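Note sheet for the following structure.
The values are calculated or read from the model by the stated rules, or taken from the named source; none is laboratory data. Just so it is clear, the model here is predicted, and its values are computed rather than measured. Reconstructed Cβ throughout: ideal geometry from the backbone, glycine too, with neighbour counts over all protein chains shown. The accessibility values were calculated without ligands, DNA or RNA, using every heavy atom of the protein model including side chains. Shrake-Rupley method; radii C 1.70, N 1.55, O 1.52, S 1.80 Å.
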Amino acid sequence: MIKFPQGFLYGSATSAAQSEGAANLDGKSENTWDFWYKEDPYKFHNLIGPEKTTDIYHNYEKDVELLEKTGHSVFRTSIGWSRLIPAMDGEVNPKAVKFYRDYFSKIKEKNITLYINLFHFDMPMYLMDIGGWTNKKTVEAYVSYAKKCFELFDDLVDGWFTFNEPIVHVQCQYMSGHHYPAEVNPQKAIQCAFYTQLASSSAIKAYREMDGKKKIGIILNLTPSYPRSDNVGDLKAAEISELFNTASFLDPSVKGYYPKELVDIIANEDLLPEYTDQDLQIIKENTIDFLGVNYYQPLRVMENPYLYKDNAMFSPGKYYMGYDMPGKRMNPYRGWEIYPKALYDIAINIRDNYGNIEWLVTENGMGVEDEERFRKDGQIQDDYRIEFFKEHLYWLSKAIEEGANCKGYQVWTFIDCWSWLNAYKNRYGLVELDLKTGERKIKKSGEWFYELRKNNGFEL
């Protein structure tokens, strides 16, 4: 029997844009996803956009009942910035306030710990039009938005997060082309990263100046970088990969400063962002109270054995390359490696190198295509998902026994949700969503999760 400490939290996470739907209703304005789908729907799987998604906006009362039936003691979602503040003038949408206060109140009535995230890749289009996170005015607008959220909802919220996986919008907007505006511009990527960190630290500063009493943190997708070999080049490649993919947000968020080696690399590439001494002081003085960790897959890396052209556009690939390790265990539907031990390695890294700060797993899950194949007697028998959870929880429990300061485990996700470009191609939920009828049905994993919370552990 694997047991967890008393008070350990069990639950799930989602985001506003992926679950609420009602994208064009009750005063909400366009975010980048609404706009991009309108402009180029063929980028989206099966031409399914963000208009309806899971439609929690109209179903939250019965959905909160399902939170209880699947054993939740904690739940995390986000506030839709363009729903709450639909225009550049900063005016609050009263219909959004009513929705969120009622939604959050229903969750609290079930004695479920509620964590709210302020930004989950859903930039209002009126801010994207001025450059999004590459423009310091967006930082100012974000802090104003954050303060309104604190004023309106702090009485219902048990803990705040400033951002979800900020490295993702940096890379996907300005390096890989997977998020709007789909540019490849390393200078913008670096500026975007810096202003995102500044926004996070500035929101924390604002919350504390308002005498906020709840914990406030950030959610990072920590993907350990494992070298191909013990060769010095591969070891150095893994070290630099960690700097870009982990320490770039983890260090300033927890320690208040950037790693010197990372700054030196960026300076050597002549890509330092615009910043002021006051910006750096805000980052230094406003570190997080606790950390959210999303984990899905590791990174396998090797040295770059090729000469890099002097005039080539910068890419982190100059310093390391991905390594396709033979025989790795895969989730073939998502194309991701399954490596549960990495969660242990993450926990020990936080314990040993980041002051053993309080943290929790804020996302961990397995997306599977065409789950209808596994329906039996009317219920999806997703034993593969249960095994995935068990293996990760085993390694998490081992880390906790060795002193890791982890307080909870949240899966992705509660009800099958819309995903950014993949729509509903891969299903992650404890609860099934029928796309035609909107009906919700608890999967086998949802029943197992209820027992996990009830027993505060599980049998191997």
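With the requirement that a residue be open to solvent by 30 Å² or more (accessible area, probe 1.4 Å) and among the hydrophobic types (A, V, I, L, M, F, W, C), what does segment 10-59 give you?
Hits for segment 10-59 are Leu25, Phe35, Leu47, Ile48.
Regarding Glu337, is this residue of a type outside the set (Val, Ile, Thr) and over 22 Å from the mean Cα position of the chain (by Cα)? Step through it out loud before you land on a result.
Numbers: of a type outside the set (Val, Ile, Thr): yes; over 22 Å from the mean Cα position of the chain (by Cα): no.
It is false that Glu337 is of a type outside the set (Val, Ile, Thr) and over 22 Å from the mean Cα position of the chain (by Cα).
What's the number of the condition Gln173 fails, among (1) within 25 Å of Arg300 (Cα to Cα); (2) open to solvent by less than 10 Å² (accessible area, probe 1.4 Å); (3) in a helix (DSSP H, G or I)?
Tallying (1) within 25 Å of Arg300 (Cα to Cα); (2) open to solvent by less than 10 Å² (accessible area, probe 1.4 Å); (3) in a helix (DSSP H, G or I), Gln173 fails exactly one: (2).
In segment 425-439, which residue that is hydrophobic (A, V, I, L, M, F, W, C) and open to solvent by less than 60 Å² (accessible area, probe 1.4 Å) is nearest to Gln18 (Cα to Cα)?
Residues of segment 425-439 that are hydrophobic (A, V, I, L, M, F, W, C), as a first pass: 430-431, 433, 435.
Of the ones still in play, those that are also open to solvent by less than 60 Å² (accessible area, probe 1.4 Å) are 430-431, 433.
Numbers: Leu430: 15, Val431: 15, Leu433: 13 Å.
Filtering segment 425-439 for residues that are hydrophobic (A, V, I, L, M, F, W, C) and open to solvent by less than 60 Å² (accessible area, probe 1.4 Å), the one nearest to Gln18 (Cα to Cα) comes out as Leu433.
Scan (1) surrounded by fewer than 23 Cβ atoms within 10 Å (Cβ to Cβ); (2) in contact (Cβ under 8 Å) with a residue 60 or more places away in the chain; (3) touching a Phe, Trp or Tyr at 6+ places or on another chain (Cβ under 8 Å); (4) closer than 17 Å to Ile380 by Cα for the single condition Tyr450 breaks and write down its number.
So the condition that Tyr450 fails would be (3).
Within segment 138-145, is even one residue in contact with a strand residue (DSSP E or B) (Cβ under 9 Å, 6 or more places away or on another chain) and surrounded by fewer than 18 Cβ atoms within 10 Å (Cβ to Cβ)?
no
Among the residues of segment 99-123 satisfying the criterion of being assigned to a strand (DSSP E or B) and of a type in the set (Val, Ile, Thr), which is farthest from Tyr10 (Cα to Cα)?
To start, the set of residues in segment 99-123 that are assigned to a strand (DSSP E or B) comprises 113-117.
Checking which are of a type in the set (Val, Ile, Thr) leaves us with 113, 116.
Numbers: Thr113: 10, Ile116: 16 Å.
Only one residue fits best here, namely Ile116.
For segment 282-320, how many residues are open to solvent by 60 Å² or more (accessible area, probe 1.4 Å) and under 26 Å from Asp234 (Cβ atoms)?
9
If you take the residues in segment 159-170 that are out of contact with any strand residue (DSSP E or B) (no Cβ under 6 Å at 6 or more places or on another chain) and within 19 Å of Phe290 (Cα to Cα), which one is surrounded by the most Cβ atoms within 10 Å (Cβ to Cβ)?
Keep residues of segment 159-170 that are out of contact with any strand residue (DSSP E or B) (no Cβ under 6 Å at 6 or more places or on another chain), which gives 166-170.
Okay, now just the ones that are also within 19 Å of Phe290 (Cα to Cα), so 166-167.
Working: Pro166: 25, Ile167: 20.
My answer is Pro166.
Would you be able to say whether some residue in segment 251-268 is in contact (Cβ under 8 Å) with a residue 60 or more places away in the chain and either among the basic types (Lys, Arg) or within 17 Å of Asn353 (Cβ to Cβ) (or both)? Working first, answer last.
Taking segment 251-268 and keeping what is in contact (Cβ under 8 Å) with a residue 60 or more places away in the chain, we get 254-255, 266.
Retained after the next criterion (residues that are either among the basic types (Lys, Arg) or within 17 Å of Asn353 (Cβ to Cβ) (or both)): 254-255.
Within segment 251-268, one or more residues are in contact (Cβ under 8 Å) with a residue 60 or more places away in the chain and either among the basic types (Lys, Arg) or within 17 Å of Asn353 (Cβ to Cβ) (or both).
To keep it simple, each residue is scored yes or no on (1) within 23 Å of the chain's Cα centre (by Cα); (2) at positive phi; (3) polar (S, T, N, Q).
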position	(1), (2), (3)
Val64	yes, no, no
Ser78	yes, no, yes
Gly90	no, yes, no
Ala96	yes, no, no
Phe104	yes, no, no
Lys108	yes, no, no
Lys136	yes, no, no
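From the list Val143, Val139, exactly one residue is farther than 25 Å from Val361 by Cβ and touching a Leu at 6+ places or on another chain (Cβ under 6 Å). Which is it? If you could, list the steps in order and put the result at the bottom.
On the way: Val143 fails: touching a Leu at 6+ places or on another chain (Cβ under 6 Å).
Selected residue: Val139, the only one of Val143, Val139 that is farther than 25 Å from Val361 by Cβ and touching a Leu at 6+ places or on another chain (Cβ under 6 Å).
When Leu156 is evaluated against the numbered criteria (1) under 24 Å from Tyr257 (Cα atoms); (2) free of Cβ contacts under 8 Å to residues at least 60 places away in the same chain; (3) open to solvent by 10 Å² or more (accessible area, probe 1.4 Å), which criterion, by number, is the only one it fails?
(1)
Pairs only if they're at least six apart or on different chains, beta carbon under 8 angstrom, first in segment 79-102 and touching a residue at least 60 places away in the same chain (Cβ under 8 Å), second open to solvent by less than 10 Å² (accessible area, probe 1.4 Å) and of a type in the set (Lys, Arg); list them, first residue then second.
Short answer, once both residue conditions are applied: Asn93/Arg83; Ala96/Arg83; Phe99/Arg83.
Given the conditions (1) surrounded by 16 or more Cβ atoms within 10 Å (Cβ to Cβ); (2) touching a residue at least 12 places away in the same chain (Cβ under 8 Å), report the number of the one that Gly131 does not fulfil.
(2)
Within segment 285-304, does at least one residue satisfy the condition of being out of contact with any strand residue (DSSP E or B) (no Cβ under 6 Å at 6 or more places or on another chain), within 30 Å of Gly159 (Cα to Cα), of a type in the set (Val, Ile, Thr) and at pLDDT 95 or above?
Scanning segment 285-304, I find at least one residue that is out of contact with any strand residue (DSSP E or B) (no Cβ under 6 Å at 6 or more places or on another chain), within 30 Å of Gly159 (Cα to Cα), of a type in the set (Val, Ile, Thr) and at pLDDT 95 or above, so the answer is yes.
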